[in-house]
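Contents: one structure, followed by commentary.
Just so you know, all these numbers are worked out from the coordinates, no wet-lab data involved. Note that the structure is a prediction, hence the values are computed from the model and not measured. Backbone-built Cβ (ideal geometry, glycine too); neighbour counts: all protein chains shown.
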Amino acid sequence: MGLIKYVMSLMNGARLGVGAQSVGISEAAYREALKYAHERAQFGKPIIQFPAVYEMLAVIKAKLQASRALLYETTRFVDVYKSYNFIAEERKLTPEERTEAKQFQKLADMFTPMLKLMSSEYSNQNAYDSLQIHGGSGFMKEYPIERIYRDARITTIYEGTSQLQVVAAQRYVTTGGYLNQIREYEKVPVRAEFEPLKKILVRMTEQYEQAVAMVAGQENEYIDFHARRLVEMASHIVMSYLLLIDAQTDESFEKSAEIYIGKSAAWNDERYSYIKDFTASDLATFASIKEETVPEA
Ligand SMILES: Cc1cc2nc3c(=O)[nH]c(=O)nc-3n(C[C@H](O)[C@H](O)[C@H](O)COP(=O)(O)OP(=O)(O)OC[C@H]3O[C@@H](n4cnc5c(N)ncnc54)[C@H](O)[C@@H]3O)c2cc1C
């Protein structure tokens with residue numbers, strides 16, 4: 001293995017680790033929020049009875065389950081290609097095996113930055129919302145959530161910041177790698193009662209394709225400016241499909257699939273609309289911040 005390939009594989013291993021750590025942090029944030037929301041009473045009832053609180057809890061759980069589904073999918077890709085690497089030490093792989101090993105290695109490379117980006121960002125959002133559910137007590141040291149909140153903060157930074165994960169992931173937006181994999185998920189049959197959710201995902205995929213087409217072919221700076229939006233749009237669709245597929249065999253995913261797909265459709269609508277109405281002159285307005293300096297005290 002060459003040096004660059006070796007370093008890349010080390011980095012991907014560490015990013016997978018932070019992806020898993022982030023799922024653990026989200027799980028802890030969810031459990032603490034759920035416990036506190038049952039225990040804490042305000043206005044004569046437990047705070048979990050308030051829509052503002054139970055919406056936050058349900059979204060924390062949906063983001064947690066979506067992150068875990070993406071973690072398991074990514075580690076599955078890694079397991080398959082690494083197994084072929086181990087077999088190749090014992091004997092020559094057949095041409096079919098070599099093709100499959102390459103295909104899974106590509107999927108692992110494609111999904112690792114997506115996992116690191118989404119899982120770490122969700123662990124931060126989940127820790128933030130869990131702390132919010134704790135109110136003032138969450139800001140103090142009496143409850144585990146203050147520690148969980150601090151632990152979450154590093155995950156979007158070490159082993160490559162979220163911005164660097166976008167740099168790694170954006171080539172799979174422009175080359176169509178994510179779209180091809182989304183099309184594979186689209187082929188997985190779902191039960192009749194899940195068809196309306198699948199229809200939403202098919203519409204989101206068309207919208208994602210249109211958004212990519214609007215950005216592709218523009219100047220590099222314009223593409224870089226929108227890269228995170230596009231990677232997130234692809235991620236929302238992938239994570240939605242994984243939850244939907246899990247819901248076919250395990251009913252504990254059903255509610256999160258419904259909630260996550262509904263939220264994802266709205267998040268992607270916002271990103272699409274921003275890209276659609278964006279012009280080169282908008283980019284210049286943002287870029288003008290580069291001329292600013294800190295005023296003398
Ligand atoms: C607790 C802790 C433990 C650590 N452990 C290790 C370790 O064991 N091994 C190790 O090697 N490192 C370790 N690190 C370092 C860590 O990996 C780096 O801090 C991290 O990769 C970010 O690099 P940086 O701090 O130099 O930030 P910078 O690269 O200076 O980034 C600053 C900002 O600029 C943005 N930015 C930079 N380049 C780009 C770009 N091309 N496009 C868009 N935005 C960009 C970043 O996203 C960020 O917002 C650790 C850090 C901490 C805090």
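Taking the Cα centre of the chain as origin, sum charge times position over the Cβ atoms of Lys and Arg (+1) and Asp and Glu (-1), and report the length of that vector in debye to the nearest 20.
So the magnitude is around 540 debye.
Between their Cα atoms, which of K45/K141; K63/K102; K63/K199 are more than 23 Å away from each other?
In this structure, K45/K141; K63/K102 exceed 23 Å between Cα atoms.
Under 17 Å Cα to Cα from K255, which aspartates and glutamates show up? Leave out anything in the same chain fewer than 8 places away.
E27, E55, E193, E195, D246
Could you tell me the distance between the Cα centroids of region 148-213 and region 218-258, to the nearest Å?
Cα centroid of region 148-213 versus Cα centroid of region 218-258: 3 Å apart.
Rank Q210, Q181, Q42 by mean-square fluctuation in a GNM of the chain with C-alpha springs under 10 angstrom and give only the top-ranked residue.
Highest fluctuation among the options: Q42.
Hey, in the GNM for the chain with a 10 angstrom Cα cutoff, which one of S26, S119, S252 fluctuates hardest?
Evaluated over the chain, the most mobile residue of the options is S252.
Chymotrypsin sites (Phe, Trp or Tyr not before Pro), restricted to region 127-233: which are DSSP loop and have at most 16 other Cβ atoms within 10 Å?
Numbers: sites: Y128, F139, Y149, Y158, Y172, Y178, Y185, F194, Y208, Y222, F225; in loops: Y158.
In loop regions of region 127-233 (DSSP not H, G, I, E or B), the sparsely surrounded chymotrypsin sites (Phe, Trp or Tyr not before Pro) are Y158.
What value, in deg cm²/dmol to 500, does the helix sum -39500 (n - 2.57) over DSSP H runs of n ≥ 4 give at 222 nm once divided by the residues of the chain?
Helix contribution divided over all residues of the chain: -27500 deg cm²/dmol.
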